[in-house]
Amino acid sequence: MLKHRGFPGRLPGTDFQFTLRRANPKGATALTRRERRSDRRAPDRRADEAFMKALWEHFGEEPFERGNLDAGRLSWLFEREVIPATDPFDPADYEAMLVIDARVARASFPDVFKD
């Protein structure tokens, strides 16, 4: 499992995790699309925005390996702002390649992309 050095481990001051310390011996948790409803709690929305900002600052529009990025947090963005970069794509692989869909990400998180 690739560890993304310099990537924040969590949202400061919270327990919202962004990265894993070590690989799961049973295998990677599969990425699944989670629906973000309009009634989500404000801390959850802040965590999504902070995670998107960290992804953008760390990877930009370049494809990146899933590595130690948290599957739960990625799943809130998966198949919208973060999409598979390869075909075929294995959602339960630490080496799976992902990419940010900048157009969708800018629409969903405009504050992340302000200059």
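Points to keep in mind about this one:
- In a simple Cβ point-charge model (Lys, Arg +1; Asp, Glu -1; nothing else charged), the chain has a dipole of about 520 debye relative to its Cα centre.
- Protection proxy ranking of 3-13, 60-70, 78-88, by the mean of other Cβ atoms within 10 Å over each peptide's residues and highest first, is 60-70, 78-88, 3-13.
- Accessible surface area normalised per residue over the chain is 60 Å², counting heavy atoms of protein chains with a 1.4 Å rolling probe.
- Spatially proximal lysines relative to LYS26 (Cα-Cα < 20 Å; intrachain offsets below 8 disregarded): LYS3
- The Cα atoms of region 22-115 cover 37, 28, 22 Å along the three principal axes, with the biggest extent listed first.
- Beta-bridge orientation, the chain: approximately 90 percent antiparallel, per DSSP, counting only bridges with both partners inside.
The values are calculated or read from the model by the stated rules, or taken from the named source; none is laboratory data. Not measured: the values here are computed from a predicted model. Every residue, glycine among them, receives a Cβ derived from its backbone with ideal geometry; neighbour counts consider all protein chains shown. The accessibility values were calculated without ligands, DNA or RNA, using every heavy atom of the protein model including side chains. Shrake-Rupley method; radii C 1.70, N 1.55, O 1.52, S 1.80 Å.
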